[in-house]
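The values are calculated or read from the model by the stated rules, or taken from the named source; none is laboratory data. Just so you know, these numbers come straight off a predicted model, no measurement behind them. Cβ atoms come from the backbone with ideal geometry, glycine included; neighbour counts cover every protein chain shown. Surface accessibility is based on the protein's heavy atoms, side chains included, excluding ligands, DNA and RNA. Shrake-Rupley method; radii C 1.70, N 1.55, O 1.52, S 1.80 Å.
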Amino acid sequence: SFRTNFGNTLDYDLWSRLAEQSNLENIPQILGRYRVHEHQTSGGAAGEIMMQQAWVVQQEILNRNFGLSTGSSMDHIHFKMTMDRPSLTSLSHLETLSDWVRELIVANRRHQSYPEANLQKILARYWFGSLRNLKMSGTGSRGMMRIARAYRSSGLTDRHAMKSLYSRWRTSLMRDAI
């Protein structure tokens, strides 16, 4: 049932709890539309409250499904990874994110809350999504090597993704050589 104390995120809370009890599937048909307008509740001060409520839901998920207590030193990086990606802007952020992703993978293996392949896909999407905002100017091949090391240390295992990273690295090297 809905927990009304979650305000505008009560549906997110409900779906996340339902997903733990049964199999949910994504269907390809569009069944609804999201309308954007100037008075919507996901903007401004109400949007900030909504983000805080969503963060509480995520903290509960971390605790229930991974056995990770909230208030850990990695809370900030999980928040940045899932809710505030534009703030992941440096290679050190990416390296910290990789440590966190590895911690989630290891915790999931202990608790077996999610099929590993599914968790890997989701975490890889977040990890690669964080690359969009990295400030790479002037880092060249050293920066690309740090990115590749961060990916390897994350525990993510998608070989195609690693090949893509090396392809970007080669392109970066060629750009530096010109």
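Nonpolar atom fraction for segment 83-153, defined as the carbon and sulfur part of the 1.4 Å probe accessible area, stands at 50 percent. Helix 10-21 and the longest principal axis of the C-alpha atoms of the chain enclose an angle of approximately 80°.
Quick check for you: with a 1.4 Å probe and neighbouring chains kept, what is the accessible area per residue of the chain, in Å²?
On the way: 11530 Å² over 178 residues.
Accessible surface, normalised per residue, equals 65 Å².
How big is the C-alpha Rg of the chain next to the rule-of-thumb value 2.2 N^0.38 Å, as a ratio? Walk me through the numbers before you get to the answer.
Details: Rg = 18.4 Å, N = 178, 2.2 N^0.38 = 15.8 Å.
So the Cα radius of gyration is 1.17 times the expected 2.2 N^0.38 Å.
Direction-averaged projected area, Cα convex hull, segment 14-66: 5.1 nm², rounded to one decimal.
All alpha carbon pair distances within segment 19-98 were sorted into 5 Å bins beginning at 0; the resulting P(r) in whole percents reads 3, 11, 15, 16, 19, 19, 12, 5, 0. Using only Cα atoms, tell me the angle between helix 44-66 and the longest principal axis of the chain; keep it within 0 to 90° and round to the nearest 10. The angle comes out near 80 degrees. A cut-off under 11 angstrom between Cβ atoms defines the neighbours of residue 74, and their net charge, with Lys, Arg +1 and Asp, Glu -1, is -1.
So if I place +1 on the C-beta of Lys and Arg and -1 on the C-beta of Asp and Glu, and nothing else carries charge, what would the dipole magnitude of segment 1-65 be about its Cα centre? I want it in debye, nearest 20. All intermediate terms of the calculation are to be shown ahead of the outcome.
Values: 5 positive and 7 negative charges, 18 e Å.
About 80 debye.
For the chain, a crude dipole built from +1 on the beta carbon of Lys and Arg and -1 on the beta carbon of Asp and Glu, taken about the Cα centre, is about 880 debye to the nearest 20. Among residues other than residue 98 with Cβ under 12 Å from its Cβ, the summed charge is +1 (Lys and Arg +1, Asp and Glu -1).
Given their separation in residues at 0.36 nm each and the Cα-Cα distance between them, residue 125 and residue 14 gain 37.6 nm when the chain is fully extended. Specify the angular offset, from 0 to 90 degrees and rounded to the nearest 10, of the alpha carbon long axis of helix 91-111 from the longest principal axis of the alpha carbons in the chain. Between helix and principal axis, roughly 50 degrees.
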